[in-house]
Amino acid sequence: MTGTPSAARAAPELPPELARQFHVDAGGGVWLRAARCAGAVVFPPRRYCGDALSDPEEVLLPGAGRVNCVTRVQVRPPYDLPQGYMIGFVDLDAAPVRVFGLFDPEDADAMAPGRPVSLTLKPLGTDNAGTPCLRPVFVAA
């Protein structure tokens with residue numbers, strides 16, 4: 001169900017807000033940090049599982065999957081995203097998890113339900129302070 005990322009070289013350092021949800025391996029592969037609670041895998045990860053508040057098991061999921069649905073947002077974009085940016089849901093291959101995310105503006109016109117995609121980090125837009133930043137985006141596989 002899950003893989004183990006390579007750790008041969010030092011991975012690029014992610015901003016703290018991304019490091020809680022994503023892992024980049026030495027080869028540049030992007031993994032989602034998920035949690036397993038009572039057999040179910042969830043993303044984003046939880047601090048505690050269920051009513052017993054037990055500790056979840058961390059699971060690293062590869063970012064490969066298929067587009068479930070996609071839409072182009074035509075209102076004024078936040079965070080200096082490109083006009084007409086694309087968002088949608090992706091069903092991951094490694095676990096029964098559906099994630100919501102951005103799609104690469106360069107691949108946007110090719111995105112359609114069923115299309116294989118993979119997760120990567122790209123400089124795209126700005127953060128709350130107006131500084132250019134990395135964002136996880138799905139690209140055509």
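We did not get these values from a lab; they are worked out from the coordinates using the rules stated. Only a predicted model underlies this, so the values are computations on that prediction, with no experimental measurement involved. Quick reminder, even Gly has a Cβ in these numbers, built from the backbone with ideal geometry, and neighbours come from all protein chains shown.
Tabulated data
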quantity: Length gained when the stretch A108-V42 is fully extended (0.36 nm per residue, less Cα-Cα span); calculated: 21.1 nm
quantity: Sites matching chymotrypsin sites (Phe, Trp or Tyr not before Pro) across segment 14-82 that sit in DSSP coil, with at most 14 neighbouring C-beta atoms within 10 Å; calculated: Y48, Y79
quantity: Rounded if a/c under 1.5, otherwise prolate or oblate - segment 40-141, Cα gyration tensor axes; calculated: oblate
quantity: Where GluC sites (Glu not before Pro) fall in DSSP loop in segment 13-104, at most 16 other Cβ within 10 Å; calculated: E13
quantity: For F22, residues with placed amide H under 5 Å, excluding near neighbours; calculated: R33
quantity: Unpaired by the 4.7 Å Cβ criterion, cysteines found in the chain; calculated: C69, C133
quantity: Extension reserve of the Q74-T131 stretch, reckoned as 0.36 nm per residue once the Cα distance is removed; calculated: 18.2 nm
quantity: Between segment 63-141 and segment 32-61, the Cα center-to-center distance that results, in Å; calculated: 24
